[in-house]
Amino acid sequence: MENLVAAADQFKPHGKVIDIQEHGTGNVNDTFLVTFDSEGENHFILQCINMRVFRRPELVTQNMRTLAEHGHRRIESLPLGGGRRWELPRPLLTEGGSDHWLDRDGSFWRAITFIDGAQSFDTVKDLKHGREVGFALGVFHRLMSDLPTEALADTLEGFHITPRYLRRYDEVLPRATLRNSPEVNYCLRFVSERRIWAHVLEDAKAQGRLRLRPIHGDPKVNNIMIDNATGQAISMIDLDTVKPGLVHYDIGDCLRSCCNPAGEETERWEAVRFEPDLCQAILQGYLPLARDFLTENDYEYLYHAIRLIAFELGLRFFTDYLEGNVYFKVRYQEHNLTRALVQFKLTESIESQEASIRAMIQEMR
């Protein structure tokens with residue numbers, strides 16, 4: 001607690017710190033809401049960065065600073081319409097002008113502006129909410145579409161590179177003690193039958209058909225801030241995963257996570273289904289903002305992204321199960337197996353709707 005107060009004191013803009021409370025449900029960094037005695041704005045977010053996940057935490061904060069500076073320059077030229085507000089979280093500086101502080105134990109602390117009058121949700125509530133999720137991702141991508149990728153550090157190398165996850169699976173599988181069960185056999189068969197297209201996005205990138213852009217890296221629904229009064233999306237938060245990548249990773253991950261009403265943690269994996277109405281709503285929010293920067297090739301690979309990212313996450317869960325649950329936190333021994341089954345069933349549902357998803361994308365171009 002002593003370090004917590006000391007860290008908060010480094011970043012307080014003015015006034016006296018009067019309260020510090022745990023904030024949010026993230027499972028990577030330790031996050032706190034700091035209240036200080038001041039007129040007007042009197043909150044900020046304080047975080048202790050998990051250095052086991054982010055080995056170069058200074059680059060994470062550097063990326064956020066770059067993003068905020070670029071975004072604030074561009075936001076005035078982006079017509080949001082309807083008097084809608086949009087806010088970008090930005091790092092706060094210490095009195096010495098640094099964007100982070102190291103305590104005596106070597107822990108890495110940083111502070112971020114607080115988005116007031118808004119909240120996030122763990123699931124998509126309805127189609128309007130879905131459109132707002134798509135709108136938020138569209139605003140984010142459009143704001144950053146002209147930011148050179150060289151300006152951002154790659155703080156999570158290999159993230160969303162499906163062939164790398166497949167190679168890891170191939171390394172783990174021969175050493176694994178396999179339980180002979182219908183569920184395990186289903187997963188083994190599922191990966192075997194689909195590995196042929198695991199390289200689809202990386203091949204397109206290597207051929208110059210797709211190019212790197214700044215991406216959010218974790219565009220889940222609970223990273224979209226919704227204005228309490230208007231119900232409109234006003235910000236994307238949790239920018240630690242921002243890096244150079246394919247916008248297809250973000251689009252695929254957003255639709256994968258938002259269009260599965262059962263959620264990632266359901267144990268009723270047989271009933272998992274990709275919800276096309278939510279997909280349509282999210283694309284209706286996203287694509288009008290993306291027309292300025294998406295190319296013909298980008299549109300061509302959108303369906304592949306939606307299918308691939310669901311498969312990729314299932315592959316990661318199944319690999320971790322085979323390896324003994326060493327990466328993802330689990331509540332029981334078969335937890336990662338169940339998670340893999342959820343994502344594989346979601347992939348199957350996406351595949352069964354390929355024609356309608358492609359038609360949906362074509363109609364909204």
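The values are calculated or read from the model by the stated rules, or taken from the named source; none is laboratory data. From a predicted model like this one, the values you see are computed outputs, not experimental measurements. Neighbour counts run over all protein chains shown; Cβ positions are idealised from the backbone, glycine included.
For residue 309, state whether it is out of contact with any Asp or Glu (no Cβ under 7 Å at 6 or more places or on another chain), crowded, with 16+ Cβ neighbours inside 10 Å and either in contact (Cβ under 8 Å) with a residue 60 or more places away in the chain or under 24 Å from residue 203 (Cα atoms) (or both).
Values: out of contact with any Asp or Glu (no Cβ under 7 Å at 6 or more places or on another chain): no; crowded, with 16+ Cβ neighbours inside 10 Å: yes; either in contact (Cβ under 8 Å) with a residue 60 or more places away in the chain or under 24 Å from residue 203 (Cα atoms) (or both): yes.
For residue 309, the condition - out of contact with any Asp or Glu (no Cβ under 7 Å at 6 or more places or on another chain), crowded, with 16+ Cβ neighbours inside 10 Å and either in contact (Cβ under 8 Å) with a residue 60 or more places away in the chain or under 24 Å from residue 203 (Cα atoms) (or both) - is not met.
The one condition from (1) at pLDDT below 95; (2) farther than 17 Å from residue 186 by Cβ that residue 278 does not meet is (1). Residue 330 falls short on exactly one of the conditions (1) assigned to a helix (DSSP H, G or I); (2) of a type in the set (A, V, I, L, M, F, W, C); (3) modelled with pLDDT under 95, and that condition is (1).
Figure legend. Inter-residue proximity from segment 339-365: first residues at positive phi and crowded, with 22+ Cβ neighbours inside 10 Å, second residues among the aliphatic types (A, V, I, L, M) and at pLDDT 95 or above, beta-carbon distance below 6 Å, spacing 6+ or different chains. No pairs are indicated. Among the conditions (1) touching a Lys or Arg at 6+ places or on another chain (Cβ under 7 Å); (2) on the phi > 0 side of the Ramachandran plot, residue 264 misses just one, which is (2).
Among the residues in segment 61-74, are any touching a residue at least 60 places away in the same chain (Cβ under 8 Å) and part of a loop (DSSP other than H, G, I, E, B)?
Restricting attention to segment 61-74, the residues satisfying the condition of being touching a residue at least 60 places away in the same chain (Cβ under 8 Å) are 62-64, 66-67, 70-71, 74.
Those still in the list that are part of a loop (DSSP other than H, G, I, E, B) too: none.
For segment 61-74, residues touching a residue at least 60 places away in the same chain (Cβ under 8 Å) and part of a loop (DSSP other than H, G, I, E, B): absent.
The number of residues in segment 89-119 that are at pLDDT 90 or above, among the polar types (S, T, N, Q) and in contact with a Cys (Cβ under 9 Å, 6 or more places away or on another chain) comes to 0.
Of the residues 93, 88, only one is closer than 20 Å to residue 32 by Cβ, hydrophobic (A, V, I, L, M, F, W, C), assigned to a loop (DSSP other than H, G, I, E, B) and not assigned by TED's automatic domain parsing to the domain that holds residue 239; which? From the options 93, 88, the qualifying one is 93.
For residue 26, indicate whether it is on the phi > 0 side of the Ramachandran plot, surrounded by fewer than 19 Cβ atoms within 10 Å (Cβ to Cβ) and at pLDDT below 85.
No; evaluated as a whole, the condition is false for this residue.
If I filter segment 82-108 down to residues being touching a Ser or Thr at 6+ places or on another chain (Cβ under 6 Å) and touching a residue at least 60 places away in the same chain (Cβ under 8 Å), which single residue comes out as nearest to residue 45 (Cα to Cα)?
So the first thing to find is which residues in segment 82-108 are touching a Ser or Thr at 6+ places or on another chain (Cβ under 6 Å), and the list is 87, 89-91, 99-101.
Applying the additional criterion that residues be touching a residue at least 60 places away in the same chain (Cβ under 8 Å) yields 87, 89, 101.
Values: 87: 15, 89: 10, 101: 14 Å.
Per the criteria, the residue is 89.
Take segment 169-214 and flag every residue that is closer than 19 Å to residue 339 by Cβ and surrounded by 18 or more Cβ atoms within 10 Å (Cβ to Cβ). Within segment 169-214, 169, 184, 187, 190, 191, 194, 198 qualify. The set of residues in segment 273-304 that are free of Cβ contacts under 8 Å to residues at least 60 places away in the same chain, part of a helix (DSSP H, G or I) and under 18 Å from residue 253 (Cβ atoms) comprises 302, 303.
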